[in-house]
1. In vacuo Debye scattering of the chain, one point per C-alpha: log10 I(q)/I(0) at q = 0.07, 0.15 Å⁻¹?
2. Rg/Rh for the stretch 130-251 to two decimals, with Rh computed the Kirkwood way over all alpha-carbon pairs.
3. Find how many whole Å separate the alpha carbon centroid of the stretch 143-194 from the alpha carbon centroid of the stretch 24-60.
4. Relative contact order (percent) for the stretch 96-239, with alpha-carbon contacts under 8 angstrom and 6 or more residues of separation?
5. Could you give the radius of gyration (one decimal) and Dmax (whole number) of the Cα atoms in the stretch 204-347, in Å?
6. Return the FRET efficiency for the residue pair Q322, A299: r is the Cβ-Cβ distance, R0 is 41 Å, and the value is rounded to the nearest 0.05.
7. The stretch 154-206: D in µm²/s via Stokes-Einstein (Kirkwood Rh, Cα pairs, 20 °C, 1.002 mPa s)?
8. For D27 and E217 in one chain, what is 0.36 nm times their gap in residues minus the Cα-Cα distance, to one decimal in nm?
Amino acid sequence: MDWEKVFATRSSRMKASEIRELLKLLDQPDIISFAGGIPDPALFPTEEFQQAFANTLTGDKQTTALQYSVSEGYVPLRQWIAKQMEGLGIPCSIDNILITSGSQQALDYLGKLLLSPNDTALVTWPTYMGALGAFNAYEPHYDRLIANGNRSAKEYQEAAAEKNSQVKFAYMSVDFANPTGETLDRSGREKLLDLAEELDIPVIEDAAYQSLRYDGEAIPPILALDIQRKGHIDETRTLYCGSFSKTLAPGLRVGWVCAAQTVISKLVLMKQAADLHSSTINQIAIHEVASKGFDKQVAKIFTAYSTRRDCMLAALEKYMPQGVSWTKPEGGMFIWLTLPEHLDGAELLAESIETQRVAFVPGHAFYADGSNRNTMRLSFSQANEDTINEGIRRLGLLLKPI
Ligand SMILES: Cc1ncc(COP(=O)(O)O)c(C=O)c1O
């Protein structure tokens, strides 16, 4: 069977990333890996989940927990999220919230809802590679979103028109972004909303890391600023994607979209068609653990990750040669390195694995056009301080000859 002949055209852009293939090789025990952008399992609230799952499978919750449920999501969990959102300056009701299987599913649904082939999506350069993966299936063009910058709505429109295309949305990870660790300041958020208003497009606000702030002042989410402008969430254009993956546990696959009811209603139909609903038992367990101790869990992560971030920043200062610069994130899991232009992150990774036994993610994978090869992403979430120090020392040796 010639499968290529029968695959739909949309599948042609679904390619296994060379990076992911390379990173599969990193399980060897002597490798120091700053590659995986995943939480430290030692910080999972394991006992709390043991208790929560035991509770859901005894007493009156057990029939609900193992049964089909509504596509919108488990009502007490949506109520808990609505309250959290209110704390962020986003007054909303449960009708503004859809539970998804991780925020990754939300990105897929939003791509499906908003993109026809040949439409243009505005994304930052670099951006979360999983967002590109989700949107690619809907065959868009990408243009470079400069949220804080100087490209006018007209320029974006003209660039799209040249391809017979139209701009459909702007997507951005605004707090401690994956991959750069950077945060968009308040005026940048306002400018992004101005641009979206001028273009009359939605903003997808990826808030996967929103709770992981270690220092600096919290900045209102774009959706909160949008509500300040419009008076009510149902009048807004911002589609907020939240997640429990970075705070509680990614394996349960629970995230949410918070947005105007009109959009949520459409997404509910999409969810019905795709998977009916997210796992009932996982939603109940997440609700129990979150409602009993979300803040305590975030504080635990805060202490561990902020120490590791400080340690990595200090080691970079100590070991990086001149010509290398890096971001100084106020939260999240990532630091982004920019190397002299003649260097190639992918080539360096191969060399690093062979000679230094240190892994990272080459930066070009986060660019919609695969450019900026002289960049790399380091994650500080999983390694302890000694390992971070040793790994960065070795990276310094790798880069020294530049
Ligand atoms: C920026 C960003 N958005 C979304 C996701 C998806 O997370 P999840 O589907 O686990 O909520 C990730 C995961 O790494 C991410 O880094």
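1. -0.33, -1.48
2. That ratio equals 0.97.
3. The stretch 24-60 and the stretch 143-194 have Cα centres separated by 34 Å.
4. Computed value for the stretch 96-239: 21 percent relative contact order.
5. 19.3, 54
6. The calculated FRET efficiency here is 0.60.
7. Translational D for this selection: 178 µm²/s.
8. 64.7 nm
Where a number appears in this text, it was derived from the coordinates with a stated rule and is not lab data. Quantities reported herein were computed from a predicted structural model and do not represent experimental measurements. Ideal geometry is used to build each Cβ from the backbone, glycine not excepted, and the neighbour counts take in all protein chains shown.
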